[in-house]
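*Asks:* Below is a structure I'd like to ask you about.
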Amino acid sequence: MALSFGEKIKSARKLKKLTQKQLAKEIGAAHNSVSDWENDKNKPDPDTIELLCGVLEISPNYLLASSSDDFSPSEKLLIKKYRSLDQHGQETVQIVLDRELQRTKIVQQQTERIAELETKANNTSDIDMHPYPYLHRIACAGTSFAFEDIPTEQKLVPYMPGADFVIGVLGDSMEPTFFDGELVYVRKTDHVRHGDIGIFTLGNEWYIKECGEFGLLSHNPDYDDIPGSEYIRVVGEVLGKVPDEYV
């Protein structure tokens with residue numbers, strides 16, 4: 001979708017790290033004028049547009065054009081940086097982009113699926129059910145639990161895009177995000193990003209925790225975090241909760 005006139009000004013201003021007040025001072029305009037332009041309430045006169053483009057280092061053609069083929073200043077900067085990389089760097093960027101596109105697609109599917117389940121909550125006959133491998137209360141949100149002590153089986157629950165199995169939560173160290181006895185969908189992966197909720201192992205103990213910069217984070221302040229260790233392994237990424245009526 002093409003950016004509006006005001007969105008182009010705002011994007012270019014932020015790229016230059018200018019506040020509305022600073023930009024207004026640079027071109028000799030009132031502070032509220034910049035706010036009005038960025039909110040598309042009105043447009044500056046041609047002379048002011050020329051001043052704006054000079055300060056923001058954008059062309060009048062870009063600012064006034066309505067074509068969706070125009071790139072924003074931030075997009076142009078990304079292209080410039082990409083072109084300055086060597087072959088290895090460009091290949092790395094492409095790998096990351098492909099992975100992020102796939103992640104974004106999965107997240108979008110999950111969001112749509114959760115909304116669909118909420119809409120169909122009162123009519124279970126419309127819900128697409130799927131059998132998932134089920135690990136009984138092995139994802140510890142408190143004290144640890146050994147994997148070999150937990151039986152597995154198939155559990156029929158609503159389908160979730162990207163999920164490979166469901167797992168039970170044991171303990172309360174992740175409250176109020178996850179509660180004891182709840183089930184969560186998990187996608188198998190050996191990598192999660194900082195801020196993601198994942199299933200982790202440390203020795204033969206399994207945990208559901210948030211991936212932090214320096215270790216595994218508990219959401220319940222009554223519990224300590226688990227310091228980072230080379231022995232921590234990622235089992236999967238938590239995609240969301242199984243609806244309570246299917247637990």
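The values are calculated or read from the model by the stated rules, or taken from the named source; none is laboratory data. Please read these numbers as outputs of a predicted model, since none were measured by experiment. Glycine gets a Cβ as well: all are built from the backbone with ideal geometry, and neighbour counts include every protein chain shown.
*Asks:* For GLY212, are the conditions met, namely being surrounded by 15 or more Cβ atoms within 10 Å (Cβ to Cβ), farther than 17 Å from PHE179 by Cβ and among the small types (Gly, Ala, Ser)?
*Replies:* It is true that GLY212 is surrounded by 15 or more Cβ atoms within 10 Å (Cβ to Cβ), farther than 17 Å from PHE179 by Cβ and among the small types (Gly, Ala, Ser).
*Asks:* I'd like the full set of residues that are in a loop (DSSP other than H, G, I, E, B), surrounded by 12 or more Cβ atoms within 10 Å (Cβ to Cβ) and at pLDDT below 85, limited to the stretch 67-120.
*Replies:* Passing the criteria: ASP70, PHE71, SER72, LYS120.
*Asks:* Moving on. Of the residues THR48, THR92, which is within 29 Å of the chain's Cα centre (by Cα) and either in the same structural domain as VAL192 (by TED's automatic domain parsing) or of a type in the set (Val, Ile, Thr) (or both)?
*Replies:* THR92
*Asks:* Could you run through the stretch 176-209 and say how many residues are under 21 Å from the mean Cα position of the chain (by Cα) and either surrounded by 13 or more Cβ atoms within 10 Å (Cβ to Cβ) or at positive phi (or both)?
*Replies:* Going through the stretch 176-209 one residue at a time, the tally reaches 17.
*Asks:* Just a yes or no: is a residue in the stretch 166-185 at pLDDT below 90, of a type in the set (Ser, Thr, Tyr) and under 25 Å from ARG103 (Cβ atoms)?
*Replies:* yes
*Asks:* Which one of ILE58, ILE49 is modelled with pLDDT of 85 or more and assigned to a loop (DSSP other than H, G, I, E, B)?
*Replies:* Answer to the selection: ILE58.
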